[in-house]
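*Asks:* Below: one structure in structure tokens.
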Amino acid sequence: MDCQPSAINKVYIWSNINQSCLLCDELTDNPYPLCEPCERELPWLDERCEICALPLAMTGLECGPCRRKAPAFARVEAPWHYGFPIDTLITRFKHNAQWPLGRMLAEGLARWLLQAFADGLPRPQRLLPVPMARQRLRKRGFNQAQMLGHWLAPLLQIRCDDRLLLRPYATRAQQELDAAARRQNLLSAFSLADKALVRGLHVAIVDDVMTTGATAQALALLLRRAGAVRVDVYCLARTAKPDERPSSGSG
């Protein structure tokens, strides 16, 4: 039995009439439940590494780790850094099943990506949500990355394939580990489905939060070795200092 909720049918449908902001409860004219003052106050990630989106002091730079050794993924796109209130909203979506908040965040990510595509970012051919081990999926009841992928797909007009990437083994939760342990934890954690075809494709991994980049790197390596020509990463938020302390991101 599939315990994954429908990302479309289980969340109420918003209209453009009498929208209330999910942060302050004030009415908004936006076609999504977020008023303009609250939207302006979100922790927008404008100054960041051009590759991994690590927050930096200036735009147009690459962080030290990316300069020393380019990751397997080409680019990370994240609208926000992992600060208040984004961190609280993601936690409520991820751990308290408050799906309307997840839907609102997914729409914000979609608007960010559509602008990036208009500015020249190459458009991928597939969205690939980060998979969740069956044991953890049964415990939580849903995969937040899968829900984000299915919300993004119609907004971006890009197919979401949630059966291509697999996580056959239940590893320790990434938020419990430091950067080195996260990388070790993910060795052989992922695989491709039988007859999965990614050769010649440009794909984008979808996740909620990027912390150290260990999950993205492991999946990008797997996909590149299978023949993907480019792997990008789309997530809601990027942590500022991934090696300082664990956070609620998956990796």
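None of the figures in this text is laboratory data; all of them are computed from the coordinates on show. Bear in mind the structure is a predicted one, so any value in this text is a computation, not a measurement. Neighbour counts run over all protein chains shown; Cβ positions are idealised from the backbone, glycine included.
*Asks:* Let me test this: with uniform point scatterers at the alpha carbons of the stretch 44-238, what is the Debye-based log₁₀ I(q)/I(0) at q = 0.08, 0.09, 0.14, 0.16 1/Å?
*Replies:* -0.23, -0.30, -0.77, -1.05
*Asks:* Pulled fully out, how much extra length does the chain show between residue 69 and residue 40, if you take 0.36 nm times their separation in residues and subtract their Cα-Cα distance?
*Replies:* Full extension from residue 69 to residue 40 adds 7.0 nm.
*Asks:* Counting alpha carbon pairs within less than 8 Å and at least 6 residues apart, what relative contact order, in whole percent, applies to the stretch 44-238?
*Replies:* Reported as a whole number, the value is 26 percent.
*Asks:* Please compute the modelled spin-label separation between residue 121 and residue 58, points set 7 Å along Cα→Cβ, answer in nm with one decimal.
*Replies:* 2.3
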